[in-house]
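Working notes, beginning with the structure itself.
The values are calculated or read from the model by the stated rules, or taken from the named source; none is laboratory data. What you see is a predicted model, and the numbers here were worked out from it, not measured in a lab. Note that we place each Cβ from the backbone using ideal geometry, even for glycine, and neighbour counts take in every protein chain shown.
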Amino acid sequence: MRLILLGPPGAGKGTQARRLVAKHGIVQLSTGEMLRAAAAAGTPVGKRAKEIMDRGDLVPDDIMVEIIADRIAQPDCVNGFILDGFPRTVAQADALHKMLGTIGGSLEHAVSLSVPNDELLKRLSGRRTCRDCGAMYHIIFDPPTNEGLCNKCNGELYQRDDDHEDIISSRLEVYESQTSPLLNYYRNHRQLVEVDGIGGRDDVLARILAKVGISKP
Ligand code: ADP
Ligand code: ADP
Ligand code: ZN
């Protein structure tokens, strides 16, 4: 199965992608995580991306398309994947369409998680991320058992540089102007599945599974 998770920052794409991976063994491809790993490793692409991410802007399409093309050519993606954070522009969606065409595959669904802006602000300002495994927490909605430490790997939880209020509002604007046109794009391709992203994580996961036709384990 090949899926895209669409939605504004804070909609729960990463949270739900990780659950799908854990429960259904689908490979998760998170471009945000890939860029943060490259930034932490200090690679040239990582350094350039970090500056752009910290402003809340999008990394140029050519860089993103190359990263994803390399990644989906890996053997673990043969049976499918779930894209979390890509595509984010119509140009990226077109590039993905071409890439899948060359490997003879297609996309099953583009799942859009909708969450209103006031809730997104609360989610993003309280988000904490594990430095070691990338797991997401929330200081109020999903606190870790031990403050500041990841439940899964005991890694340090930190607040992303782009999860501060002034940058969050720019990211929401960037989503509106550059990414939200993808909803119509996938609607026109008859691949769009719209899911209400409000409510408990398990409820949201159940809605996604029902709409994409994966049965519960
Ligand atoms: P995205 O990848 O779309 O930016 P995340 O999955 O990182 O979003 O979630 C953003 C924040 O909201 C995180 O702190 C996460 O713990 C929290 N969160 C995710 N899903 C829910 C939910 N259904 N209800 C409340 N908070 C949630
Ligand atoms: P979010 O929580 O906003 O969904 P991500 O972790 O997916 O965050 O992305 C963080 C940042 O990484 C974005 O604000 C952007 O700067 C960059 N980024 C990630 N994916 C892409 C992409 N497909 N195209 C351009 N920039 C991207
Ligand atoms: Zn961890």
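Below, the figures for the structure above:
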| quantity | calculated |
| --- | --- |
| Filter pass, Leu100 being at pLDDT 95 or above, of a type in the set (A, V, I, L, M, F, W, C) and not in a loop (DSSP other than H, G, I, E, B) | no |
| First in the stretch 151-173 and farther than 16 Å from Gly14 by Cα and assigned to a loop (DSSP other than H, G, I, E, B), second anywhere and within 11 Å of ligand 3 (Cβ to nearest atom) and among the hydrophobic types (A, V, I, L, M, F, W, C), Cβ under 7 Å, 6 or more apart | Cys153/Cys130; Cys153/Cys133; Gly155/Cys130; Gly155/Cys133 |
| The stretch 133-177: number of residues that are aromatic (Phe, Trp, Tyr) and either under 20 Å from Arg88 (Cα atoms) or away from ligand 1 (no atom under 11 Å from the Cβ) (or both) | 2 |
| Among (1) touching a residue at least 40 places away in the same chain (Cβ under 8 Å); (2) within 16 Å of ligand 2 (Cβ to nearest atom); (3) surrounded by fewer than 19 Cβ atoms within 10 Å (Cβ to Cβ); (4) of a type outside the set (Gly, Ala, Ser) - the single one Asp196 does not satisfy | (2) |
| Residues satisfying the stated conditions in the stretch 103-150, i.e. basic (Lys, Arg), touching a strand residue (DSSP E or B) at 6+ places or on another chain (Cβ under 7 Å) and not in a strand (DSSP E or B) | Arg123, Arg131 |
| Index of the failed condition, Ser180 passing every other in (1) at pLDDT 95 or above; (2) buried (at least 17 other Cβ atoms within 10 Å of the Cβ); (3) more than 13 Å from ligand 1 (Cβ to nearest atom); (4) not β-branched (Val, Ile, Thr) | (2) |
| Within the stretch 40-60, tally of residues that are among the basic types (Lys, Arg) and within 16 Å of ligand 1 (Cβ to nearest atom) | 0 |
| Which listed residue, of Ile63, Ile82, is at negative phi, more than 16 Å from ligand 1 (Cβ to nearest atom) and not small (Gly, Ala, Ser) | Ile63 |
| Matching residues, the stretch 113-126, being within 20 Å of Asp203 (Cβ to Cβ), within 9 Å of ligand 1 (Cβ to nearest atom) and in contact with a Gly (Cβ under 7 Å, 6 or more places away or on another chain) | Leu113, Val115, Leu120, Arg123 |
